[in-house]
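S.K.: Below are the C-alpha cells for one structure; questions will follow.
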Amino acid sequence: MIRRIARALTLLTFSLCASFSGALAKELHILTSYEADFVARFLEDFSSRHPEIAVFHLNKNTNAAVDELIRGNARQFDIFWASSSESFELLDEYARLVDLGFGMHADFAFSAVGWAWKSGMDMSPPNDWNDLLDPDYSGRITMSHPMRSGTTHSLIETILQDRGWEAGWAYLLQLAGQLKSISARSFGVLEGLGDRHDIGLTIDFLALQRADQNILFRYGRPIIISPARVAALQGGKNPDAARQFIDFLLSVDGQRILLRPDVRRIPINDDIRAELTESLIPEMRAALTFSWSRYDPELARKRYWQVNEIFNIFIARDFLRRRDLWRRLNDLDPRAVQDRSTIAQILTHMPVTEASLRLAVPGGNTLLSWQAESRRLLDAAEARLHNAEQRR
C-alpha cells in the first residue's frame, strides 16, 4: 500500500509540475516500462539540472508500448526507455528510432534473470534452473506472460538461447507444470511473494531493489547479460530535450544513480561499474567480461512474435490442463517407468521447429495449426496417462 501511495504521489508531482509549465521552453515526453518510483529517481536529478524542461512520463508494458510506437507514435513521445533490448531492435526495424548522436539506441545498464523469494520461506530456494523442476516446488512458482512483460520475454529467450530451441522449450513446457499461476505483469510476480506464491521468476533489479521487503534473489546459471536501453523516437516534439536526457543517463552522475540501493542496476560505464566489483558475485563478474555470456537481442527480434505466440498457445492457453497433467504424471506409480517416460516426452515436445518460424506469419492458419498441435499433444498425453492410471 505504501508503495502504491508513493507511486501515485510521484505521478501527481510530475503532473503538477507539467501543469505549471507554460513558462518553460521545453517539454520531454517519455514512454517507459519502468515503474514511476524508479523513473522518479532519475527525473528528480535530471530536472534539478534542467529546470527549463517539463518532463512527462507514461508507464506501459513493453509489448503494448512497442505496438503503439510501431503504429506511428501518435502521442509524439520523445523517448522510449525499457529493459527489453529486443524491443529496440523491433522499433529500429520499423524505422521508429532516430539517432541523436548515440546510435539508434543506447545501452545504459546491464541485467540478468533468475528467481526471487522471501526470507523465511519454509524450504531451501532452488540453486539452478533445473531445481525449479523438482516436484517439491510444484505449485509454488509464478512467472508473468511474455505478451504482457518484456522482462519475461527476455527471460524466456535467455533459456532458449542457452539451451537451444528444442531443449529450451522442453524445459519451459515442463516448468509450466510447476507453476501456480501466470501473472499479468512483471511487478505482480514480486508483489505476490509470500502470499500467493513462494518463488517468482524475474529480472535482477526488480528483486534487488526490494531488499527492504525481505526479498532475496538468485541468478540462473549460466548468467547471460542483457542490456537495458534508451532511445529517441521519430515523431518526438523535442529532440534537444531527448538528447539531453540520454546524455544525462550515460553521464557519470546518471550512471551513479544506478548504484543506489533502491535502484540496483549494473552501470554500463566501466569506471562506475568498478565500484561494484566487490559486491558482484564471481559468476556475474565473469559474465560481464566474456562475450559468450551476452544476450542476442537481434535473434530475439527475429522471432519475437513467434516466441510470444508459442508461449501463449502451448503454455498459457491450456495452462490449467497442462499443469494438471504434470501433477497426475508426478503422482503416477514410480514403477511405471515406460509410461512415465513416454508421457513426459509428449508433454515436453515442441512441434514448432526453429526452421519453420521463417514461414510463419501473424494470425490466420499459422496460429490455428499451432493450436491444433497443442491440443493433439495434450489429448495424447491424457489418454496415455488415463490408461496408466487404470492399470494401477
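S.K.: Looking at the square roots a ≥ b ≥ c of the eigenvalues of the Cα gyration tensor of the stretch 27-172, which shape do they give, rounded for a/c under 1.5, prolate if a/b is larger than b/c, or oblate?
M.R.: Prolate is the answer for the stretch 27-172, as a/c is 1.5 or above and a/b outweighs b/c.
S.K.: OK, next. Could you give the angle, 0 to 90 degrees to the nearest 10, between helix 239-250's Cα long axis and the longest principal axis of the Cα atoms of the chain?
M.R.: Helix 239-250 sits roughly 70 degrees off the main axis of the chain.
S.K.: Which of the trypsin sites (Lys or Arg not before Pro) across the stretch 107-202 are loop residues per DSSP, with 13 or fewer other Cβ within 10 Å?
M.R.: Working: sites: 118, 140, 148, 163, 180, 185, 196; in loops: 140, 148, 185, 196.
Answer in residue order: no site qualifies.
S.K.: Can you give the charge dipole size of the chain about its Cα centre, rounded to the nearest 20 debye, using +1 on the beta carbon of Lys and Arg and -1 on the beta carbon of Asp and Glu? Can you show the working numbers first?
M.R.: Details: 47 positive and 50 negative charges, 201 e Å.
So the magnitude is around 960 debye.
S.K.: Could you do me a favour and compute the accessible area per residue for the stretch 190-335, 1.4 Å probe, result in Å²?
M.R.: Result: 43 Å² of accessible area for each residue.
S.K.: Would you list, by chain and number, the lysines whose Cα falls below 20 Å from the Cα of residue 180, excluding same-chain residues fewer than 8 positions away?
M.R.: In chain and number order, the partners are 118.
S.K.: Taking every DSSP beta bridge that has both residues in the chain, what percent is antiparallel when rounded to the nearest 5?
M.R.: Looking only at bridges with both residues in the chain, the antiparallel portion is about 55 percent.
S.K.: Shifting gears a bit: How much FRET efficiency would the formula 1/(1 + (r/R0)^6) give for residue 337 and residue 373, where r is the Cβ-Cβ distance and R0 is 30 Å, rounded to 0.05?
M.R.: 0.65
S.K.: Separate question: What's the carbon and sulfur percent of the chain's accessible surface, probe 1.4 angstrom, rounded to a whole number?
M.R.: C and S atoms contribute 51 percent here.
S.K.: Further question: Can you give the charge dipole size of the stretch 234-392 about its Cα centre, rounded to the nearest 20 debye, using +1 on the beta carbon of Lys and Arg and -1 on the beta carbon of Asp and Glu? Let's see the in-between values first.
M.R.: Values: 26 positive and 22 negative charges, 118 e Å.
That gives a dipole near 560 debye.
S.K.: Please identify every one of the chymotrypsin sites (Phe, Trp or Tyr not before Pro) in the stretch 260-296 that sits in a loop by DSSP and has no more than 12 other beta carbons within 10 Å of its own beta carbon. Display every interim value, and only then the final one.
M.R.: Numbers: sites: 290, 292, 295; in loops: 290, 295.
When the chymotrypsin sites (Phe, Trp or Tyr not before Pro) of the stretch 260-296 are filtered for loop state and at most 12 Cβ neighbours within 10 Å, 290 remain.
S.K.: Given a 1.4 Å probe, how much area per residue of the stretch 95-135 is accessible, in Å²?
M.R.: 42 Å²
S.K.: Which distance in nm do the two modelled labels at residue 127 and residue 94 give, with both placed 7 Å along the Cα-to-Cβ direction?
M.R.: 4.5 nm
S.K.: Given a Förster radius of 56 Å and the C-beta distance between residue 389 and residue 279 as r, what FRET efficiency does 1/(1 + (r/R0)^6) yield to the nearest 0.05?
M.R.: 0.65
S.K.: Straight-line reach from residue 302: which lysines have Cα under 28 Å away, leaving out those fewer than 8 places along the same chain?
M.R.: The reachable lysines, counting only those whose Cα sits under 28 Å from residue 302, are 60.
S.K.: Once phi is turned into ³J(HN,Hα) by the Karplus curve 6.51 cos²θ - 1.76 cosθ + 1.60 with θ = phi - 60°, what whole-Hz value does each residue of the stretch 281-288 show in order, with x for glycine and proline?
M.R.: In residue order, the calculated couplings are 5, x, 5, 5, 4, 5, 4, 6 Hz.
The values are calculated or read from the model by the stated rules, or taken from the named source; none is laboratory data. Small disclaimer: the values here were computed from a predicted structure and weren't measured. Virtual Cβ from ideal backbone geometry, glycine too; neighbours counted across all protein chains shown. For the accessible areas, the whole protein counts, side chains as well, though only heavy atoms, and no ligand, DNA or RNA atoms are used. Shrake-Rupley method; radii C 1.70, N 1.55, O 1.52, S 1.80 Å.
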